[in-house]
Amino acid sequence: MGQIIKATKHKLTAGRIAAFHCPKDKSRAYLWCAEVKGLGIIATAGGAKSYIFQAKVNGKSMRLTIGDVAVWNIPDAQAEARRLQILIDQGNDPRQVKAEANAERESARLAKEAAAVAIEEQAAREAVTVSMAWKEYIKSRKPKWSERHYIDHVKDMQAGGEKRKRSPKLTEPGPLAPLANIRLIDLTPEVVEAWAEEQATKRPTRARLSLRLLKAFLFWCASNPEYKALIKSNAAQSKAARESLGKPKPKNDVLQREQLPAWFDAIRQMQNPVISAYLQTLLLTGARRNELASIRWDDVDFKWNSITIKDKVEGQRIIPLTPYVANLLQALPRRNGWVFSSLTAKTGRLQEPRAAHHKACAVAGVDVTLHGLRRSFASLCEWIEVPAGISAQIQGHAPQGVREQNYIRRPLDLLRMWHVKIEAWILEQAGVEFVPVKTGLQLVKGNAAA
């Protein structure tokens, strides 16, 4: 900036300011105030007029624009000039003071905006319902779960009221559906306890499982950055909720030795050969219902007589393919990659054999569930004094005791020796006669696939 301009000073009045203009032969002109040091008016060739303040700061000339004469009146402009001079007299540079003030205002503005965004985000988080977080939970955990476990989670939170494929009845709400629209932040132990009391009158057994699923879900939320602020405590750990649902009673449904003939007759007469073979194999292997339903043709080795099963404990296990079971599987249609295939299920494999099994049991006059068939295998093994570790390994139970866990390593042939004996004894008690031959298994009585 150039030197401070020295010119004639005048008392500023509205009329003088209005009459003041920049000469045509100049780019700008100045009108200085006689009453306040440094205050002046600059007029440009374009017709603009503004109040300015001119002074020296640390020995150097400085000029600041105060504002347009149309916006600022004379007293306010004089007051602003005096304020600026006071700052200089105090050793401050008005430009730096203005920059710092602007920076402070900008910082305050940004802080206010950030606070507003934080409030909005918090409000959005607090609006998250149990079902919204549940969807994220099962989506993130699905790769680590079995298909059955994932479906259990989906059904537990389903709203119900949807059409069924094979029934005019609509689907029922899942046990956790009453909690679906509750805000996650509002899911307190008292809410869960009230839910448990209501479910205890309808389906306590299923609700006990749902409570465990809910507890695992809330633990996940507590460790998730998006939801942990909404979880003060795990409401599903409520002792009162557990007491409302009661303790599970041990299941005792099992096929007795004398019931085997009636059960086999009813199962082998079923019209669906896939379900018939599946149920017989379920009993004769003691496998879990879903791990057996999930075997593919690639998992069955007819040459070396083995079946590879996806095990929920060890990941997978290999069990013997016994003669009668081999015959059942060889008779099945190979529609796709699944051994127990289905023409109607979306997955292409058997999904829900319980209804068919229930009807067959009614015909046979017995009462046993699908899991009861697994229990029956273990119980029937006692008749021929099969070592407990043998039947447990075939069924996929975790090894018990130091010897089983650390020392016993049974080859498949040893399991096969005992498994063939188990199968032969069960079929003998059921009245199913067969003669194994080198080229395969030849039945003497009945049709294995029905």
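The values are calculated or read from the model by the stated rules, or taken from the named source; none is laboratory data. Predicted model only: the values in this text are computed from it and were never measured. Glycine also receives a Cβ, built like all others from the backbone with ideal geometry; neighbour counts cover every protein chain displayed.
Side notes on the structure shown:
- When we screen Ser223, Ser238, Ser210 for residues that are under 18 Å from Met132 (Cα atoms), in the same structural domain as Val191 (by TED's automatic domain parsing), crowded, with 19+ Cβ neighbours inside 10 Å and not aromatic (Phe, Trp, Tyr), the only hit is Ser210.
- Output for the range 22-62, where each listed residue is among the basic types (Lys, Arg) and under 21 Å from Gly91 (Cβ atoms): Lys37, Lys56, Lys60
- Residue match in the range 358-366 (condition: of a type in the set (Lys, Arg), crowded, with 18+ Cβ neighbours inside 10 Å and either under 24 Å from Val420 (Cβ atoms) or free of Cβ contacts under 8 Å to residues at least 40 places away in the same chain (or both)): no
- Cβ pairs under 7 Å, 6+ apart, first in the range 425-436 and closer than 13 Å to Trp383 by Cβ, second loosely packed, with under 13 Cβ neighbours inside 10 Å: Trp425/Trp383; Trp425/Ile384
- Condition broken by Arg257, with the remaining ones in (1) under 21 Å from His419 (Cα atoms); (2) within 35 Å of the chain's Cα centre (by Cα); (3) among the basic types (Lys, Arg) satisfied: (2)
- Residue identified as aliphatic (A, V, I, L, M) and either in the same structural domain as Thr13 (by TED's automatic domain parsing) or touching a Ser or Thr at 6+ places or on another chain (Cβ under 9 Å) (or both) among Val117, Val57: Val57
- With respect to the stated conditions, Ile275 fails to be over 30 Å from Glu126 (Cα atoms), in contact with a Ser or Thr (Cβ under 8 Å, 6 or more places away or on another chain) and assigned by TED's automatic domain parsing to the domain that holds Pro353.
- Cβ-Cβ distances below 8 Å connect the following pairs, each with a first residue in the range 140-162 that is under 14 Å from Leu209 (Cα atoms), a second residue that is among the polar types (S, T, N, Q) and at pLDDT 80 or above, and a separation of six or more residues or different chains: Arg148/Asn290; Asp156/Ser210; Met157/Ser131.
- Taken together, the criteria place Glu226 among residues that are among the acidic types (Asp, Glu) and closer than 15 Å to Tyr137 by Cβ.
- Only one of the listed residues (Ala103, Ala133, Ala108) is modelled with pLDDT of 90 or more and under 30 Å from Ala81 (Cβ atoms). That residue is Ala103.
- Pick from the range 31-40, criterion out of contact with any Lys or Arg (no Cβ under 6 Å at 6 or more places or on another chain) and in a strand (DSSP E or B), ranking: surrounded by the most Cβ atoms within 10 Å (Cβ to Cβ): Leu39
- Looking at the range 266-349, the helices (runs of 4 or more DSSP H) lying wholly inside it that each contain 1 or more residues that are farther than 23 Å from Leu414 by Cα and touching a helix residue (DSSP H, G or I) at 6+ places or on another chain (Cβ under 8 Å) sit at 273-285, 289-293.
- Selection from the range 304-332 of residues that are surrounded by fewer than 14 Cβ atoms within 10 Å (Cβ to Cβ) and either free of Cβ contacts under 8 Å to residues at least 60 places away in the same chain or closer than 19 Å to Glu423 by Cβ (or both): Trp304, Gly315, Gln316
- Here the condition is being polar (S, T, N, Q), more than 26 Å from Lys139 (Cβ to Cβ), touching a residue at least 12 places away in the same chain (Cβ under 8 Å) and surrounded by fewer than 18 Cβ atoms within 10 Å (Cβ to Cβ); of Thr281, Thr205, it holds for Thr205 alone.
- Matching residues, the range 242-265, being part of a loop (DSSP other than H, G, I, E, B) and closer than 16 Å to Ala362 by Cβ: Asp253, Leu255
- Subset tally (residues that are modelled with pLDDT under 85 and of a type outside the set (Gly, Ala, Ser)) for the range 367-408: 9
- Out of Leu284, Leu279, sole residue that is touching an Asp or Glu at 6+ places or on another chain (Cβ under 7 Å) and under 21 Å from Leu380 (Cα atoms): Leu284
- Counted residues, the range 394-421 - those being more than 21 Å from Leu283 (Cα to Cα), under 38 Å from the mean Cα position of the chain (by Cα) and in a helix (DSSP H, G or I): 5
- Filtering the range 113-170 to residues that are outside any helix (DSSP H, G or I) and touching a strand residue (DSSP E or B) at 6+ places or on another chain (Cβ under 8 Å) leaves Ala127, Val128, Thr129, Gly160, Gly161, Glu162, Lys163, Arg164, Leu170.
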